[in-house]
1. Roughly speaking, to the nearest percent, how much of region 83-205's 1.4 Å accessible area is carbon and sulfur?
2. At a 1.4 Å probe radius, carbon and sulfur cover how many percent of the accessible area of region 241-370?
3. Out of residues 5 or more away from Lys4 or on other chains, whose amide H comes under 5 Å of its own, with H placed 1.01 Å from N in the peptide plane?
4. Give a residue-ordered list of calculated ³J(HN,Hα) values for region 160-177 (Karplus: 6.51 cos²θ - 1.76 cosθ + 1.60, θ = phi - 60°; whole Hz; x for Gly, Pro).
5. Taking 22 Å as R0, compute the FRET efficiency from the Cβ-Cβ separation of Lys200 and Glu114 and round it to 0.05.
6. Which distance in nm do the two modelled labels at Glu91 and Met310 give, with both placed 7 Å along the Cα-to-Cβ direction?
7. For Glu326, tell me the accessible area in Å² from a 1.4 Å probe, rounded to the nearest 10.
8. Taking Cα centroids, how far is region 258-301 from region 208-224 in Å?
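The values are calculated or read from the model by the stated rules, or taken from the named source; none is laboratory data. Everything quoted here is computed from the prediction, not taken from an experiment. Neighbour counts are summed over all protein chains in view; Cβ atoms, including those assigned to glycine, are modelled from backbone coordinates with ideal geometry. Heads up: the accessible areas ignore ligands, DNA and RNA and are worked out on the full protein's heavy atoms, side chains in. Shrake-Rupley method; radii C 1.70, N 1.55, O 1.52, S 1.80 Å.
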Amino acid sequence: MTKKPVTLITGYLGSGKTTLLNEILRQEKRRVALIVNDMGSINIDAAIIKKNGSAVAQSEMYEMQNGCICCTLREEFLKQVEKISDNDKIESVFVEASGISDPGAIAASFLAYEDAQPDTNVYLSNIVTVVDADRIYREFMTDLRNYEEKDENNLASNDITTLIVDQIEFCNTIILNKTDLLNEKQIEEVIKIIRNFQQKAEIIKTSQGKVEIDRITSDQKFNYEMVDSSSAIQKAINSLTDSNRGFTDEYGISSFSYEHKRPFDQKKFMKFINEDFPKELIRAKGYIWFKDRPEDVLLFEQAGRNSSVMAVAYWVAALDKATQKECLEDDEELRNSWDKEYGDRINQIVFIGKNYDKSKILSRLEQCLA
């Protein structure tokens, strides 16, 4: 059986990992397996890939949620890896980690797995970190500069900057995404600060995750020595003994989800995200629908100062009766979740942040309902 290369995609919340994965799948010719990890209770990233289609119809997808594969979901993650290893139909594997995952810990898991299972047919090939150039420049530049002057061991354990640095340090390819939002001078400033933490990884400048697949896939085994950070590797290996401790604890980040069948009032919802959105929320993502646009599946995303709402598909409930019947017959999950009044229409949003008032946010969302 041919050994299958695993490409791990990491990056901070909202950097564009799912966009990149969709772009990869549009180009991929091999039969692939996908492991999509989302820390929220609704795996929005997996849903986006499904709704956008691309090559996912020819792929095996494993959705992992309510935790991170680098810590709380490590055992479950490695079980999925073992299943993929035994599947002779799969030729390549892509793993999208959650936005607060530590790639060093995931790599250490692979290292331990390969030692324990020397006959495995999967191997870690490449670690790709997606960096939001715009957000680094406008939100984190000062923190990253200050970070260089601090003793890493004395940093506060919930410092988000530490997580961003960990993700930049432990990779061999960096996708510098959203460069269209900056000018060349600003981009060079971002690259300079990245090079302070990562001297060897290739940096690929992109917009909307558009990159040639050959630049981020490889048949070679991941070179742990290239990371050139024995302390980072040791830190990751040490973390294997503490798999029950989540990165929610380490960085002070947590998530919650909001679900409601009733539609949002478009004006009220847009006012909420454009004028009243809580600063404590780092990231939000989900599918919603508006009363005056009952046919459209709308993808809502927020990352830092940027937010968007765009149509990505049609609700099955908006299609003709014959097509609805066909879809319901073919999809057991759709049948089980179908609502007599709303069909498959639903608002599902995952919010991620620090020190937020959950009850206040939920109350505000209820006010936005039509």
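1. Working: 1990 of 4910 Å².
For region 83-205, the apolar C and S fraction of the accessible surface comes to 40 percent.
2. On the way: 3150 of 7150 Å².
C and S atoms contribute 44 percent here.
3. Val122, Tyr123
4. For region 160-177, the Karplus curve yields 4, 4, 4, 4, 4, 5, 4, 5, 6, 5, 9, 6, 10, 9, 10, 8, 8, 8 Hz.
5. Working: r = 23 Å, r/R0 = 1.02.
It comes out at approximately 0.45.
6. Roughly 3.0 nm, to one decimal.
7. Roll a 1.4 Å probe over it and Glu326 shows about 110 Å².
8. Rounded to whole Å, the Cα centres lie 35 Å apart.
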